[in-house]
Amino acid sequence: MDTSVTYRCLNCNGALVFDEDTQLLVCGFCQSKFTEKDLEDSEADKKADKIEEENAKFRAEILEYRCTSCGAEVIADKNTAASTCYFCHNPVVLVDKLSGEFKPSKIISFKFDKDEAKATFLRFAKKKWFVPKDYFSSDQIDKISGVYYPFWVTDADTDSEFSAIGKNVRTWRAGDYRYTETTTYDVYRRGDIHFEDITTSAISTEEKDMLEGILPYPIEDYQDFAMPYLQGYLAKKRDIDRDLLYDEVKGRMDSYAETLLKRTTNYNILTTRHLDVAIIKSHWEYSLMPVWILTYKKKHKHDSKKDKTYVYAMNGSTGKIYGELPVSAFKLTLASLGACLLAGLAAFLVGFIGFM
Ligand SMILES: [Zn+2]
Ligand SMILES: [Zn+2]
């Protein structure tokens, strides 16, 4: 085998490393194993070529835009016009050369349209009554965009191993004495743990919290990606590569595995000594998930530089909302005054809230 060549994984395109013990080539990323023959096979070449061809076709069908103000990068299909930023409402410019974007393999489509999204937002906002009146202005509510966000969805088979010190403590009293008996155990657990649909956003910015906040997506709604799904929507550009998410995803597997293995024991105190979650094989799918983004600009009375923009995200499949509602200082003052002066006058207070 020619060692000067870097062989690539047929499942994920990660770099392969030769393993002396098994005489197999192992993917450093997804842990798939291949024989030399697997890789020399012309079928393998064809498969790699086909993936490259599909990516090239995808790139040819989309345009990339960049916001002149906040720098947000989005892609859209050629027939979908993008003029202002979904995030900060400033103009966007077309980027000459698309960089690094490749075809998603899965997508969940939008389950409801803009009007229904608006109605859901309004129901949500009305429940929180410390919101400025102009929150409800149709102008603000119009600033709502359907944006597909990039996620990685990971399945993995692991061989998980855990050792710990377990302690059971028993106390009792006899006469004037109090006795404590501590029994210490060496605890060891090992098992095959399969993880399914670990969903991680491929975004490194402050939007990450927002995206994690609207999870989960119903995985049964997964479809193979096709261009028509993008029509009329923007898609946020992936700004973090799969390799950089590996530690985050592995960290989650470790913590789920530890919880699961701990649950098989029954001690008063359990202290982990060692945890090893070895990935046997894993599968990563680059996916687009539907998000309605609503932004609301709270204007400062005297200084427009102090205007504040609030952003909400709504899961485009389940309607789950994440975001911080703007608080009206005026209404808060009124409310606290109300609480002091009108304590006890419940009927009046109800009328007061209803009026707002
Ligand atoms: Zn791989
Ligand atoms: Zn922007």
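The values are calculated or read from the model by the stated rules, or taken from the named source; none is laboratory data. Just so it is clear, the model here is predicted, and its values are computed rather than measured. Methodologically, a virtual Cβ is constructed for each residue, glycine included, from the backbone with ideal geometry; neighbour enumeration extends over all protein chains shown.
Structure data summary
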| quantity | calculated |
| --- | --- |
| Enumeration of residues in the stretch 267-291 that are hydrophobic (A, V, I, L, M, F, W, C) and either more than 30 Å from THR309 (Cα to Cα) or at pLDDT below 95 (or both) | ILE269, LEU270, LEU275, VAL277, ALA278, ILE279, ILE280, TRP284 |
| Filter pass, ALA44 being without any contact (Cβ under 8 Å) to a residue 40 or more places away in the chain and within 16 Å of ligand 1 (Cβ to nearest atom) | yes |
| Residue ID - nearest to ligand 1 (Cβ to nearest atom), chosen from residues in the stretch 21-32 that are closer than 13 Å to ILE280 by Cα and either among the polar types (S, T, N, Q) or without any contact (Cβ under 8 Å) to a residue 24 or more places away in the chain (or both) | CYS27 |
| Looking only at the stretch 289-309, and only at residues there that are among the polar types (S, T, N, Q) and in contact (Cβ under 8 Å) with a residue 40 or more places away in the chain, the one that is farthest from LYS111 (Cα to Cα) | THR309 |
| Residue pairs meeting the criteria (Cβ under 7 Å; at least 6 apart or on separate chains; first within 12 Å of LEU39 (Cα to Cα) and modelled with pLDDT under 75, in the stretch 1-20; second more than 11 Å from ligand 1 (Cβ to nearest atom) and not in a loop (DSSP other than H, G, I, E, B)) | MET1/GLU36 |
| Of residues in the stretch 244-266 being of a type in the set (A, V, I, L, M) and buried (at least 17 other Cβ atoms within 10 Å of the Cβ), the one modelled with the lowest pLDDT | LEU245 |
| Flag if ILE75 is under 26 Å from SER204 (Cβ atoms), of a type in the set (A, V, I, L, M, F, W, C) and within 16 Å of ligand 2 (Cβ to nearest atom) | yes |
| Within the stretch 75-100, considering residues that are part of a strand (DSSP E or B) and surrounded by 14 or more Cβ atoms within 10 Å (Cβ to Cβ), the one farthest from ligand 1 (Cβ to nearest atom) | THR84 |
| Scope the stretch 26-72; condition more than 16 Å from ligand 2 (Cβ to nearest atom) and β-branched (Val, Ile, Thr); matching residues | VAL26, THR35, ILE51, ILE62 |
| Filtered residue count, the stretch 267-304, keeping only those that are surrounded by 14 or more Cβ atoms within 10 Å (Cβ to Cβ) and among the hydroxyl-bearing types (Ser, Thr, Tyr) | 6 |
| Subset of the stretch 240-288 [in contact (Cβ under 8 Å) with a residue 40 or more places away in the chain, under 30 Å from LEU25 (Cα atoms) and either within 16 Å of ligand 2 (Cβ to nearest atom) or among the basic types (Lys, Arg) (or both)] | ARG242, ARG252, LYS281 |
| Some residue of the stretch 305-322 being at pLDDT below 70, surrounded by 14 or more Cβ atoms within 10 Å (Cβ to Cβ) and more than 30 Å from ASN55 (Cα to Cα) | no |
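Okay, residues lined up against (1) buried (at least 18 other Cβ atoms within 10 Å of the Cβ); (2) assigned to a loop (DSSP other than H, G, I, E, B):
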site: GLN31; (1), (2): yes, yes
site: GLU43; (1), (2): no, no
site: ASP49; (1), (2): no, no
site: LEU63; (1), (2): no, no
site: SER69; (1), (2): no, yes
site: ALA117; (1), (2): yes, no
